[in-house]
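Chemist: This is the structure, below, for whatever I ask next.
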Amino acid sequence: MIGMQADGAGDGDAARAHARAAMVAHMAKHGICDARVLAAMAAVPRDPFIPAAHRGKVDPYGDHPCQIGFDQTMSQPFVVAYMLERLRVQPSEKVLEIGTGSGYQAALLHELGARVFTIERISALAEHARGVLAATGYDSVCVRVGDGYRGWPEEAPFAVIIVSCAPPILPAALAVQLCDGGRMIVPVGEGQQRLVVLRKRGACITEEQDLAVRFVPMVPAAEERHDGQA
Ligand code: SAH
């Protein structure tokens, strides 16, 4: 029959594409209207980014965070879409992500055409993300193990900085690494957090409070771990 696959793999691909389309429809219904963000979410598979040990426990396309090990989570798709929409990432812009985690959001940024630099403090997660990004065709994303509080001075300035873990206060070093016209989004606070959107115009930085959110904490450098223990 035309369009039918002889083996089960095609069915699996079709089911995943269907699940992605349903996730995108849910985003659109809840107010995400940037067509490029929606198209990126329709294009990037979410399931391979969940480490094997955590797959099958939750629906990877449900609108909730997913465990990725090491007490960390892949953020809720709506919040990822919301942050990307606020940032209006343009093709070829240089983007810094703090908190690589699974690598999923880095893949979305790449899909939006950005040149992506991402920092993760847990080396095993960075290694996992590198592997999945390579396997899914996003191997030009640069992943570094390190302390996100320092940013990535060697690659600065960035047009966009997106932080996917919550510092108690705005990290001073990051805004310095924004270019003129740059934007940054960061969940700030302990327990109760709020997204903060920063915009840099010349020497002037404006700050806008946005949605209430819940992210894992941004851990200070002194607590940096490289032990690879889950
Ligand atoms: N964007 C990720 C979600 C990451 S969860 C995704 O799409 O899956 C937040 C991540 O921030 C965790 O992996 C955590 O280890 C990392 N993190 C916390 N503090 C950090 C710091 N100081 N520097 C770099 N990464 C940090």
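The values are calculated or read from the model by the stated rules, or taken from the named source; none is laboratory data. Predicted model only: the values in this text are computed from it and were never measured. In this analysis, Cβ positions are derived from the backbone assuming ideal geometry, glycine residues included, and neighbour counts consider all displayed protein chains. These accessible areas exclude ligands, DNA and RNA; they are computed on the full protein's heavy atoms, side chains included. Shrake-Rupley method; radii C 1.70, N 1.55, O 1.52, S 1.80 Å.
Chemist: Summing -39500 (n - 2.57) over the DSSP H runs of n ≥ 4 in the chain and dividing by its residue number, what mean residue ellipticity at 222 nm do you reach, to the nearest 500 deg cm²/dmol? Don't skip to the answer; put the middle values down first.
Modeler: Working: 6 runs with 68 residues, N = 230.
-9000 deg cm²/dmol, from helical runs alone.
Chemist: Through the Karplus equation 6.51 cos²θ - 1.76 cosθ + 1.60, θ set to phi - 60°, convert the phi angles of the range 140-151 into ³J(HN,Hα) values in whole Hz; use x for Gly and Pro.
Modeler: Per residue, the Karplus-derived 3J(HN,Hα) values read 7, 5, 8, 10, 10, 8, x, 9, x, 4, 7, x Hz.
Chemist: Continuing with this model, one more query. Tell me, what is the FRET efficiency for Ala221 and Glu155 to the nearest 0.05, using R0 = 22 angstrom and their Cβ-Cβ distance as r? Mind dumping the intermediate values first?
Modeler: Details: r = 19 Å, r/R0 = 0.84.
It comes to 0.75.
Chemist: Still on this model: Answer with one residue from Ala129, Ala156, Val116: the one whose Cα lies farthest towards the positive end of the charge dipole of the range 2-223, charges on Cβ with Lys, Arg +1 and Asp, Glu -1.
Modeler: Most positive-ward Cα: Ala156.
Chemist: Sticking with this structure for a sec: Given the range 2-223 reduced to its alpha-carbon atoms as identical point scatterers, what log10 I(q)/I(0) does the Debye formula return at q = 0.15, 0.18 Å⁻¹?
Modeler: Relative scattering, expressed as log10 I(q)/I(0), comes to -0.96, -1.42.
Chemist: What accessible area per residue, rounded to a whole number of Å², is obtained for the chain using a probe radius of 1.4 Å? Don't skip to the end; give the middle numbers.
Modeler: Working: 10650 Å² over 230 residues.
Result: 46 Å² of accessible area for each residue.
Chemist: Which part of the range 87-108 falls in the paramagnetic zone of Ala42, meaning amide N under 20 Å from the point 7 Å along Cα-to-beta-carbon?
Modeler: 88-91, 105, 107-108
Chemist: Could you sort the peptides 92-104, 185-197 by per-residue average Cβ neighbour count (10 Å cutoff), highest mean leading?
Modeler: Working: 92-104: 24.5, 185-197: 17.2.
Ranking, from highest mean packing down: 92-104, 185-197.
Chemist: Students often get this wrong: which residues of the range 58-88 have the backbone nitrogen under 15 Å from the point 7 angstrom along Cα-to-C-beta of His26?
Modeler: Once the point is set 7 Å along Cα→Cβ of His26, 58-67, 74-82 turn out to lie under 15 Å by backbone N, inside the range 58-88.
Chemist: With everything on Cα atoms, drop me the angle between helix 77-87 and the longest principal axis of the chain, reported from 0 to 90° to the nearest 10.
Modeler: For 77-87 against the chain, the angle is about 50 degrees.
Chemist: Find how much the distance from Ser123 to Arg201 grows on full extension, using 0.36 nm per residue of separation minus their present alpha carbon separation; answer in nm with one decimal. Kindly include the intermediate steps, with their values, before the conclusion.
Modeler: Details: separation 78, 0.36 × 78 = 28.08 nm, distance 3.51 nm.
Result for the pair: 24.6 nm of gain on full extension.
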